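One structure is given below, represented as structure tokens, and several questions about it will come after.
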Amino acid sequence: MSSEKDYDKLLSGIYANLPEKVTKTERFEMPKFEFFVEGNKTIVKNFKAVADKVRREPALIAKYLSKELAVPVEIQNDRLILARKLTGDIINKKFEEFVVKLVMCRQCNRPDTHIEELGHGLRQLVCESCGARTAIR
Ligand SMILES: [Zn+2]
């Protein structure tokens, strides 16, 4: 009997074996944080790797999560330490919001974007696929 988890494992194995060119044209796969609880803290193991995947500064993601979850956070090497015990997938849920707001292009819905600082606290999400510019907060 195979569970959904096994299926996911199988899928990610297939993805890992695909040549770069093929995966790039695939629909965007939301990267997921892997985390564990240690005492009163929650530790995200693959924080840097996930930040790299969405091409955002780890500090920007850390700030967002800290604010949204109302938890002090600290980046330690490739990990993010959240100063509270968090259960379930709340971190990934908030991260998905971050990706929708600060990574995905509003026009073409692709993740090939970067953030441009315009000064005075104004920022724009600039799409490298279609050229769309969207003001972000
Ligand atoms: Zn676009």
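Report yes if Arg55 is free of Cβ contacts under 8 Å to residues at least 40 places away in the same chain and charged (D, E, K, R), otherwise no. Lay out the reasoning, then the answer.
Details: free of Cβ contacts under 8 Å to residues at least 40 places away in the same chain: no; charged (D, E, K, R): yes.
So Arg55 does not fit the description; no.
Taking the residues in region 78-137 that are under 30 Å from Glu38 (Cβ atoms) and among the β-branched types (Val, Ile, Thr) as candidates, determine which candidate is farthest from the ligand (Cβ to nearest atom). Even if it seems obvious, please write down each step before you answer.
Here is the first cut: in region 78-137, the residues under 30 Å from Glu38 (Cβ atoms) are 78-103.
Checking the rest, the ones that are also among the β-branched types (Val, Ile, Thr) come to 81, 87, 90-91, 99-100, 103.
On the way: Ile81: 34, Thr87: 36, Ile90: 29, Ile91: 27, Val99: 14, Val100: 14, Val103: 11 Å.
So, considering only residues that are under 30 Å from Glu38 (Cβ atoms) and among the β-branched types (Val, Ile, Thr), the one farthest from the ligand (Cβ to nearest atom) is Thr87.
Pairs please, first residue from region 108-128 and under 20 Å from Glu97 (Cβ atoms), second anywhere and among the hydroxyl-bearing types (Ser, Thr, Tyr) and in a loop (DSSP other than H, G, I, E, B), Cβ atoms under 7 Å, 6+ apart in sequence or on different chains.
Within 7 Å, the pairs are Cys108/Ser129; Arg110/Ser129; Asp112/Ser129.
Tally the residues that are at pLDDT 65 or above, farther than 20 Å from His114 by Cβ and surrounded by 11 or more Cβ atoms within 10 Å (Cβ to Cβ), restricting the search to region 11-46.
Total satisfying the criteria: 12.
Please go through region 89-115 and give me each residue that is within 13 Å of Arg55 (Cα to Cα), touching a Lys or Arg at 6+ places or on another chain (Cβ under 9 Å) and among the charged types (D, E, K, R), ordered by number.
Start the filter on region 89-115 by keeping residues that are within 13 Å of Arg55 (Cα to Cα), which leaves 98-99, 102-104, 110-115.
Those still in the list that are touching a Lys or Arg at 6+ places or on another chain (Cβ under 9 Å) too: 98-99, 102-104, 111-115.
Passing the criteria: only Asp112.
Quick check on my filter: what residues within region 85-134 are touching a helix residue (DSSP H, G or I) at 6+ places or on another chain (Cβ under 8 Å) and more than 15 Å from Phe28 (Cα to Cα)? Show your work before the answer.
Of the residues in region 85-134, the ones touching a helix residue (DSSP H, G or I) at 6+ places or on another chain (Cβ under 8 Å) are 86, 90-91, 94-95, 97-99, 102-103, 111, 115, 125.
If the condition is that a residue be touching a helix residue (DSSP H, G or I) at 6+ places or on another chain (Cβ under 8 Å) and more than 15 Å from Phe28 (Cα to Cα), then Leu86, Ile90, Ile91, Lys94, Ile115, Leu125 are the ones that fit.
A further question on this structure: Within the bounds of region 81-88, is there any residue that is assigned by TED's automatic domain parsing to the domain that holds Ala51 and within 20 Å of Ala49 (Cα to Cα)? Walk me through it before giving the result.
Residues of region 81-88 assigned by TED's automatic domain parsing to the domain that holds Ala51: 81-88.
Remaining after also requiring within 20 Å of Ala49 (Cα to Cα): 81-82.
Yes, there is a match, as at least one residue in region 81-88 is assigned by TED's automatic domain parsing to the domain that holds Ala51 and within 20 Å of Ala49 (Cα to Cα).
Which members of region 92-128 meet the condition of being of a type in the set (A, V, I, L, M, F, W, C) and surrounded by 13 or more Cβ atoms within 10 Å (Cβ to Cβ)?
Filtering region 92-128 down to residues of a type in the set (A, V, I, L, M, F, W, C) leaves 95, 98-100, 102-105, 108, 115, 118, 122, 125-127.
Within region 92-128, Phe95, Phe98, Val99, Leu102, Val103, Met104, Cys105, Cys108, Ile115, Leu125, Val126, Cys127 qualify.
The values are calculated or read from the model by the stated rules, or taken from the named source; none is laboratory data. Remember, predicted model here, so these are calculated numbers, not experimental data. Using ideal geometry, Cβ is built from the backbone for each residue, glycine included, and neighbour counts are taken over all protein chains shown.
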